[in-house]
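Structure first, then comments.
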C-alpha cells in the first residue's frame, strides 16, 4: 500500500504564507530550500518524509524549490542548497546549510523535541530508543 507523502512542496509565496498561518503559535515548521538539480537535496528527501510522519502532530515540513520561488529564496537569503529553517510562530529559530541527515535530526530534536513515537506518556524517550528505534520506523 502506497503511503501519501507528508512533506508539502510549496509552489507560491501565498501558499507558504498560508502554511505559516495554519501552523499557528504552537506548531514548528521545518523548511528545506532545495533545487531539482541538487543531488544532496534529493538524498535527504526520504528522511524528511520519515520526519514528517514522526512529528506529524507537532511539525510541518515544507520544501521550497529555489528556482521556482525566487522571492522566498531572496527573502530568506538562500545561497546554498539544501538550506533548512525551523520556524515557529512566524519567527525563524535557526537557519543552517547542508545535507547531513544527523544534523537535521539533532537540530529538529533540539528545537521541537523527540519524535512522537519515541516518547512515553511522560514525554521521555524509552530505553533503546536511539538509532535502533529510528531504524524500526
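Here are the numbers for the structure shown:
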{"item": "Hey, residue 91 at pLDDT 95 or above, more than 20 Å from residue 16 (Cβ to Cβ) and out of contact with any strand residue (DSSP E or B) (no Cβ under 9 Å at 6 or more places or on another chain) or not", "result": "no"}
{"item": "Of all residues making up segment 14-53, the number that are in contact with a helix residue (DSSP H, G or I) (Cβ under 7 Å, 6 or more places away or on another chain), under 25 Å from residue 89 (Cβ atoms) and either modelled with pLDDT under 95 or assigned to a helix (DSSP H, G or I) (or both)", "result": "2"}
{"item": "Output for segment 17-53, where each listed residue is crowded, with 20+ Cβ neighbours inside 10 Å and over 11 Å from the mean Cα position of the chain (by Cα)", "result": "34, 41"}
{"item": "Residue in segment 100-112 that is free of Cβ contacts under 8 Å to residues at least 40 places away in the same chain, under 12 Å from the mean Cα position of the chain (by Cα) and surrounded by 14 or more Cβ atoms within 10 Å (Cβ to Cβ) present", "result": "yes"}
{"item": "Check on residue 9, outside any loop (DSSP other than H, G, I, E, B), in contact (Cβ under 8 Å) with a residue 24 or more places away in the chain, surrounded by fewer than 16 Cβ atoms within 10 Å (Cβ to Cβ) and within 14 Å of the chain's Cα centre (by Cα)", "result": "yes"}
{"item": "Residue, surrounded by the most Cβ atoms within 10 Å (Cβ to Cβ), within segment 54-68, restricted to residues that are closer than 14 Å to residue 11 by Cβ and in contact (Cβ under 8 Å) with a residue 40 or more places away in the chain", "result": "64"}
{"item": "Residues located in segment 69-93, provided they are outside any helix (DSSP H, G or I) and surrounded by 15 or more Cβ atoms within 10 Å (Cβ to Cβ)", "result": "69, 76, 78, 81, 82, 83, 84, 85, 86, 87, 88, 93"}
{"item": "Failed criterion for residue 56 (all others in (1) outside any strand (DSSP E or B); (2) in contact with a helix residue (DSSP H, G or I) (Cβ under 9 Å, 6 or more places away or on another chain); (3) farther than 18 Å from residue 103 by Cβ; (4) modelled with pLDDT of 95 or more hold)", "result": "(4)"}
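The values are calculated or read from the model by the stated rules, or taken from the named source; none is laboratory data. Note that this is a predicted model, so its numbers are computed, not measured. Here Cβ is always computed from backbone atoms with ideal geometry, including for glycine, and neighbour counts include all displayed protein chains.
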